[in-house]
Each structure stands twice: as C-alpha cells, then as structure tokens.
1. Within the bounds of the stretch 169-185, is there any residue that is without any contact (Cβ under 8 Å) to a residue 40 or more places away in the chain and hydrophobic (A, V, I, L, M, F, W, C)?
2. Restricting attention to the stretch 45-62, which residues are touching a residue at least 40 places away in the same chain (Cβ under 8 Å) and among the aliphatic types (A, V, I, L, M)?
3. From the list M9, M1, pick out the single residue that is more than 23 Å from the chain's Cα centre (by Cα), closer than 24 Å to S122 by Cβ and modelled with pLDDT under 95.
4. Residues that are open to solvent by less than 10 Å² (accessible area, probe 1.4 Å), out of contact with any Pro (no Cβ under 6 Å at 6 or more places or on another chain) and among the polar types (S, T, N, Q): does the stretch 301-312 have at least one?
5. Looking at the stretch 294-325 only, could you name the residues that are at pLDDT below 95 and within 16 Å of the ligand (Cβ to nearest atom)?
6. A346 - would you say it is open to solvent by less than 30 Å² (accessible area, probe 1.4 Å), in contact with a Leu (Cβ under 8 Å, 6 or more places away or on another chain) and either small (G, A, S) or within 16 Å of the ligand (Cβ to nearest atom) (or both)?
7. Residues that are over 18 Å from V252 (Cβ atoms) and open to solvent by 10 Å² or more (accessible area, probe 1.4 Å): does the stretch 173-187 have at least one?
8. If I ask for residues that are surrounded by fewer than 22 Cβ atoms within 10 Å (Cβ to Cβ) and either in contact with a Ser or Thr (Cβ under 6 Å, 6 or more places away or on another chain) or not small (G, A, S) (or both), which ones from the stretch 42-53 would you list?
Amino acid sequence: MKKTVSTWMIIAAVLASGSPASTQSQSPTDRTAKYLESARNSPVALLDFLERMPKGGDLHHHLTGAVYAESYIDYAVEDGLCIDKVAATLSAPPCDAAAGRVPAAQALTDFPLRNHVIDSWSIRNFVPAPDDRDVRHHFFAAFGKFDPVASKHWGEMLAEVVHRASLQNEIYLETMLTPDQGEATKLGRTLEWNDDFAAMRSRLLSGGMNQVVADGRKNLDDAETKMRAILGCDGAAPDIGCGVTLRFQNQVLRAFPKEEVFAQMLAGFEIANADPRVVAVNLVQSQDEYRALHDFDLHMRMLDYFHGIYPNVHIALHAGELTPGEVKPEELWASHIRKSIEIGHAERIGHGLDVMYEKDAPGLLAEMAQRHILVEDCVYSHELVRGMTGEENVLPIYLKAGVPVSIATDDEGIVRSELTGYFRRAVEGYHVDYPTLKQMVRASLEHAFVSGASLWVAADNFTVVPPCAQDMANPAAPSKACSALLASSEKARLQWKEEAAFGKFEAQF
Ligand SMILES: [Zn+2]
C-alpha cells in the first residue's frame, strides 16, 4: 500500500516537468498546492498524494459503523453464533441448517454466503429490490444485523479503527458509542415522565445512575485494555494505531421514548463529567424517525437544561440530517440546525444537509461562521447514502460561507470507504484545492474536544501564537516559551505534531 519515497519522487518529478521552474520563490504550501493541481487529473498521483497527506482528526465517527463486515463475521465465528442465510441476521446456537440458520463459520468459506452477508451488512453492491428499495434504509438496517456481536468486541473494533486511522496519517479520533451499553435506557424505562427536569434527574441519580456511570467507565476500561493488548501498545513494537489519540462521544438514541432519551443524556453528561476520555454528548439515529422529529424541541430543551448543569461537557449534534422529499417540507423549514446551535448548545454540527432549506439560510450560515460552529462533513457518505451529489452537496456551501469544516467518515465500514477516499471526493467532486484541504485538517484539530490552549491566535485563524511563532521552522526543538505551552496543552501538542507532519509532507514538493 505504502509507496517508497523514491517512487513518490519519480511521480512528483514527472508531474512537475514541463512547468516553469519558478518554484524557489514559492512557499512550501504554494508548491504543494501547485503539485495537487497538476496531479488532479492523474488518479494514481492524486491518490498517492492524498494517502500521504496529514489528515488531523476524524471528528464524526460511529464505532459500530466504522468496522468492516468481514470483522463482524470473524466475531460471530468466535462467539459461535448462527447466521440466517436470507436475512443475514445473527442468533445464538444451536443453529438449524434446515431452517436456514447455519453456523457463522460457514460465512468464512462459503463464498456466495460470505458475499451475501457482507452486502447485507454494508452498502456494497446495493441494488434496489422490492423489499429493500432504499439505500438509506439498507444502511440503517445493517446496524441491527451485526448488533449481537458489535457490543461484545469493542477492544478489537477500536484496534481496527485506530490502526486504519494511523495508516491514513490521522492523529486524532473521536468515536461515538454508548458506554453503558443500554443500561441508562433501561433505567429510564422505569421512570414516569415528568416535565420537571430537575425532579427527573434527582430520581435517576438516586435510583441507580451511579452504577450506570461506573459500569460505563468500566466498559471503556476493558475496551481500551484489550485494544492496547491487541496492538501491543505497551510492548517493544507497538502498532502504529497506538499513536492515535482516541476520545469518545457518548451517543444518545434520539428515536427512543422521551424518558429513555432523558436518562441516556443524563448518563452521557455524568460520564463525560467524570471521565476525561468521554468528551461529548451526541444525539444519533435517523433524524426522520417519528420521535426524533416529534420530540426535537423537547430534546433541545433537555440539552439546554443539562448544559446549565454540566457546562464543561461538550455537545456535538447530528443536525439537518434530512433531505428534500424525505420528510414534509415543514420539517426542512423547522430550523433544526439553528435550534441545535442556539438551544442545544452544539459546538459542532454533523451532516447539516438541509441547511439551504432552513429559514434564513444566509443568516444561519453567517451565524455559524461568526460563532465558529464547525460542520463535520461526511462528503462521500452524503453522496452514497443520501444521494447528495452535484449542486445538492453541502460541502461547497459551507466552505463558501466561511463556516469551519472538517471532513469526517461517519460510517466508513458500512459505506466501504476510508477518510482518504472522502478527501478524494472533495478534490474530484467539488474542486477543493490544497490550501482548503489543509485548512480543514487544521480545523479538525482546532475543533477537537481535547483540552488546552490552541496553537493558533484565534478560532480558525491559523496564525501561530507568539510563544511558538519563531519555532515553526524547527519543530523538533521548540524554544522554552513554546515548550511551556506545549507541555500545558494537549490540543497544542496535537497541533504541533500535525504542523511538523505538514512540514515534512510539503518539503517533498
Ligand atoms: Zn453520524
């Protein structure tokens, strides 16, 4: 997969030949930008360039959607489960071949079955059929099919995703999961709804929430311990995935009954408040589900309430994950993005697909730019799962409006891609140039929910702060003042590491 430097240099030399030799006066970023333009129409050179490019952080990443179907088959085999040959659902043994429920091990070597399972657990080879008409429904249905193994193999799953992230020159990953594995939902089910949020909260806190939080943290401990063991992070030859800084977002299933959503939110804020690995709360599930739409305003009020109690817990929200025709137009006009920011306190927005249909879209875009609300843009997933291609794709809209954007994968396993492929779509599909790609990579770390002061003077103004301003040329030996900043801030350390990587990358052009 990785090409040698010499191969790289040959490609660079071939592409550079024929262009005027006035490159000495240009900055490394300018030269790199020029190279990308020359490589734009050469798929081999472009992909090689993008593979090597530093990519910062993936800020919108669902753990269960990021793992590939082949891995879930392995877990099902390990767990001794059965697979339904038609529905591709998993069940506990004993299997019953006559009823079509065969041992999962059969999906290792029975090639037609293996292909059927992979296609069912992803959007690979999707073709509309009478009982499976919509790629988006096929996409969401996949989660339910591999669910029996997804909650039992977090260690292996984390090892897979951080390794893949590092292979693509990512240094940071925020992944969404439910630390308590559904305990908060069960606790919420025991509650009767009460419009008094404070009363609801105290009943949950005195009724078992402490145990939910403790169990959730223990689940993360176990997962990280296993991940580190698989990757050999404490041994002599650690896997490259060990170098990725990993953080979690506590996801809340927004299509559930309101008392269960409330309990999940409380668990999320409590865990994030107590555990530095859990940096944010996020609402997930298809936004066009009944309760996600019907209770939307209530959910925003809940977030407003919890934000008042836990102001240090970050909030990122799936917002505007709706497309024309999918819902009534009134839902597109219902200001889901604006309310997520203004009432729900979202610092970052995932997807934001329906932004141009919101009331006063120009005003909303200006507000997002002014307040530095980052959009986690899953450009390739938007094309494949949502049909948002050409003029409907929102990436150029946000970029043009000056809204900070980072490219994120969403569900790279189910979509059968990886972050590099998303970068490629941005370049090939929307004419994004190198300075813009670099800006999005920097934005991914600037808006990452890691603690500490930034390396930059102001939000989305990528001018180095005074203590480090003279140190960029030699990142390996920062001055005393710069070292002090780096020692005090995890965010600045990540940004410094990335700038050093950019320095090395750009020096090749
Ligand atoms: Zn998502």
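1. No, every residue in the stretch 169-185 fails to be without any contact (Cβ under 8 Å) to a residue 40 or more places away in the chain and hydrophobic (A, V, I, L, M, F, W, C).
2. Of the residues in the stretch 45-62, the ones touching a residue at least 40 places away in the same chain (Cβ under 8 Å) are 46-48, 50-62.
Passing the criteria: L46, L47, L50, M53, L59.
3. Details: M9 fails: closer than 24 Å to S122 by Cβ.
When all the criteria are applied, what remains is M1.
4. Checking the stretch 301-312: not a single residue is open to solvent by less than 10 Å² (accessible area, probe 1.4 Å), out of contact with any Pro (no Cβ under 6 Å at 6 or more places or on another chain) and among the polar types (S, T, N, Q).
5. G320, E321, L322, T323
6. yes
7. So the first thing to find is which residues in the stretch 173-187 are over 18 Å from V252 (Cβ atoms), and the list is 173.
Right, trim to open to solvent by 10 Å² or more (accessible area, probe 1.4 Å) and you get none.
Looking for residues that are over 18 Å from V252 (Cβ atoms) and open to solvent by 10 Å² or more (accessible area, probe 1.4 Å), one finds none in the stretch 173-187, hence no.
8. Scanning the stretch 42-53 gives P43, V44, L46, L47, D48, E51, R52.
The values are calculated or read from the model by the stated rules, or taken from the named source; none is laboratory data. All of these numbers come straight from a predicted model, not from anything done at the bench. All Cβ positions, glycine included, derive from the backbone under ideal geometry; neighbour counts span all protein chains shown. Keep in mind that these areas ignore ligands, DNA and RNA; they rest on the heavy atoms of the full protein, side chains included. Shrake-Rupley method; radii C 1.70, N 1.55, O 1.52, S 1.80 Å.
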